[in-house]
Amino acid sequence: MDLGLSGKKAIVTGGSRGIGHAILQNLVDEGVSVATCARGEEALNAALEKWQAQGVDAYGSALDVTDGAAFTDWLENSVESLGGVDVFVSNVTTRVHSQGVQRWQETFEVDLLQHVNATEALLPHLKNSNVGSIVYIASIASIMSANMPTETEYGAMKAALISYASQLANKLGKDNIRVNIVSPGPIYHEGGFWEMVKNKQPDLFKRAEAVSVFNRLGTPQEVANAVAFLASPAASNITGANLRVDGLAIKTVNF
Ligand SMILES: NC(=O)c1ccc[n+]([C@@H]2O[C@H](COP(=O)([O-])OP(=O)(O)OC[C@H]3O[C@@H](n4cnc5c(N)ncnc54)[C@H](OP(=O)(O)O)[C@@H]3O)[C@@H](O)[C@H]2O)c1
């Protein structure tokens, strides 16, 4: 199936490793020009060089998405470098180590506010695309009342992100912009959260495996495949969807 992505332009945040990296690799393989960011410069540059060697335009800068002005300046510069934008994938999360109110504040900034800032900055440009599409990376933590490991703030912010995205899908239909959500279950990758759990809390890791009907964690590639489809013109009548990529970890009937 032709996804219709070839020649399109995409901005994906947090592309130096994990799920964001797999999303970008899929897009590059489809012939999409890309821009991405991360805080760490070394891994970011290695990824950009790899994609440039594949013959696509690939831009990126080391920055923190919670640094409002630097982030929105970078988004504007990326649109200019790419010559427009058709697809925005808002992917970044950060592990927060503070406690109490400070933890709520930091989680709000990284798991909600920066997604909103990026969207506001990119909307005028997405409106100029005839196939504009946004995908937010949420989490099944958004609907779990017994998260494992317990991450009260993270789950609450991901739930708010899904509410925001669903409202946007309704508002932006008139502009022919589609808005969808992908909610992964536990995803294993090198350097990721669950690798650390596997090494330090093997019992918790086993519990995470067991929530899936396949008795394993998911892979970044499995999430990236869902994102590529939803972001593509092949999904032209799908908007406001929240697609779980979780091996049926959440045991509900999806009407
Ligand atoms: N992994 C899972 O099990 C899982 C499950 C459900 C949902 N998700 C969601 O999937 C998305 C990606 O998760 P992941 O596991 O791939 O995360 P990850 O391995 O921590 O990678 C996050 C990426 O974002 C960058 N990043 C982090 N904080 C940043 C910041 N403040 N500013 C700019 N860049 C930043 C990281 O690079 P630097 O560190 O160099 O900045 C990295 O490239 C997140 O939205 C997460 O909530 C993940």
With segment 192-255 reduced to its Cα atoms and the Debye formula applied, log10 I(q)/I(0) at q = 0.25, 0.27 1/Å amounts to -1.09, -1.16
Mean-square fluctuation maximum in Gaussian network of the chain, Cα pairs under 10 Å, restricted to Gly155, Gly83, Gly218, hits Gly83
Short to long, in 10 Å steps from zero, the percent of alpha-carbon pairs of segment 122-255 per bin is 12, 38, 31, 15, 3
The distance between the Cα centres of segment 187-211 and segment 41-93, in whole Å, is 29 Å
Length gained if Gln221 through Ala62 is fully extended, taking 0.36 nm per residue and subtracting the Cα-Cα distance, is 54.9 nm
Given backbone amide H placed at 1.01 Å from N, residues whose amide H is under 5 Å from that of Val211, ignoring those fewer than 5 places away on the same chain, are none
The answer for the net charge of residues other than Ala58 whose Cβ lies under 14 angstrom from its Cβ, with Lys and Arg +1 and Asp and Glu -1, is -1
Measuring from its Cα centre, the chain shows a charge dipole (+1 at each Lys and Arg Cβ, -1 at each Asp and Glu Cβ) which, in debye to the nearest 20, is 820 debye
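Starting from the coordinates of the alpha-carbon atoms of segment 62-201, obtain the Kirkwood hydrodynamic radius over all distinct pairs and give the value in Å to one decimal. Write out the running numbers ahead of the final one.
Working: mean 1/r = 0.0617 Å⁻¹.
With all distinct Cα pairs of segment 62-201 included, I get 16.2 Å.
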As a percent rounded to 5, the proportion of antiparallel DSSP bridges among beta bridges in segment 68-191 is 0 percent
Cα extents of the chain per principal axis, largest first, Å, are 48, 43, 37
Once the in-chain neighbours fewer than 8 apart are removed, the lysines whose Cα is under 22 Å from Lys198 read Lys206
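None of the figures in this text is laboratory data; all of them are computed from the coordinates on show. Everything numeric here is computed off the predicted structure, so don't read it as measured data. When we count neighbours, we look across all protein chains shown, and the Cβ atoms used for this are built from the backbone with ideal geometry, even at glycine.
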